[in-house]
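Structure first, commentary second.
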Amino acid sequence: MSARVPGADDDAAPSLLARVYARWHQPLRRLLGRQMRNREDAEDAVQEVFVRYAASGKALPPEEQEPYLRVIARHVSHDAWRRSAGAPGRESVSLDEHMELAQQLPAGEGSDPLQAAHHRERLGRLEQAMAELPERRREAFVLHSIDGLTQTEVAQRMGISRRMVHNHVTLAMAYCELRVQYGSAEDMRLMQGLLAQAATDGEGRE
C-alpha cells in the first residue's frame with residue numbers, strides 16, 4: 001500500500017524523491033528515447049514523468065515504482081504524440097484537455113454541496129495559477145489554449161520562436177496542473193524545491 005510523501009519538515013522527502021530519480025532516470029530516458037523524435041524531447045518527457053510522480057504525492061515501495069512510472073511515461077508519450085500529430089490547426093493539447101485533472105474531480109454533480117464546494121475550490125486554484133504565471137508565459141498560454149492560435153501563429157504574434165512558445169505553453173500547463181493540487185503558491189514552491197533537490201541528488205549518483 002502506498003503512502004503519502006512526507007511533509008515539508010521531514011528530511012525524508014527530498015531523499016525519497018532523489019532515490020526514485022536516481023534509480024529510474026536512466027531507464028526512463030532509454031524508454032522514452034525510443035518513442036521521442038530526439039534526445040531533447042526525451043529528456044523533457046523524463047522530467048515531466050518525475051513532475052507528475054511528485055505531484056501524485058505517492059511514496060511507493062521499490063517494487064511498485066517501475067509499473068507506476070511506466071504508466072506515467074505512457075501518458076506523457078501519448079500527450080507528446082497528440083501535440084505533434086493533433087487536430088488540424090492545433091499543435092498542442094487544448095486547454096480543456098489539460099484541465100482534465102480539475103474536470104475529473106467531483107463537479108458538483110447532483111445536490112451534494114460538499115462536492116460542489118470542493119470542485120469550485122479546485123477551479124479557483126486553477127484561476128489563481130493562471131494569474132500567477134509570468135506575463136509572457138500567460139500570454140502565450142492564453143493565445144494558444146484559449147484563443148485557439150497555433151503555436152506558429154503565437155510565435156509570430158509575440159515575436160519569439162515557436163520553440164519558445166512550446167516551452168511557455170508546456171510549462172504553463174504543467175504549473176496549472178500541479179498548482180491545482182496545492183492550497184497556495186507557497187506549497188507549490190516547496191514541491192518545486194523538493195523536485196529540484198531530488199534531481200540534483202539523483203544526478204550526483206548516476
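Checked against the criterion of being modelled with pLDDT under 70 and of a type outside the set (Asp, Glu), the candidates Ala13, Ala45 yield just one match: Ala13. Taken over the range 120-178, the criterion of being in a loop (DSSP other than H, G, I, E, B) and on the phi < 0 side of the Ramachandran plot is satisfied by Leu133, Pro134, Asp147, Leu149, Thr150, Ile160, Ser161.
Scanning the range 30-50 for residues that are touching a helix residue (DSSP H, G or I) at 6+ places or on another chain (Cβ under 6 Å) and surrounded by fewer than 18 Cβ atoms within 10 Å (Cβ to Cβ) yields a count of 2.
The values are calculated or read from the model by the stated rules, or taken from the named source; none is laboratory data. Everything quoted here is computed from the prediction, not taken from an experiment. When we count neighbours, we look across all protein chains shown, and the Cβ atoms used for this are built from the backbone with ideal geometry, even at glycine.
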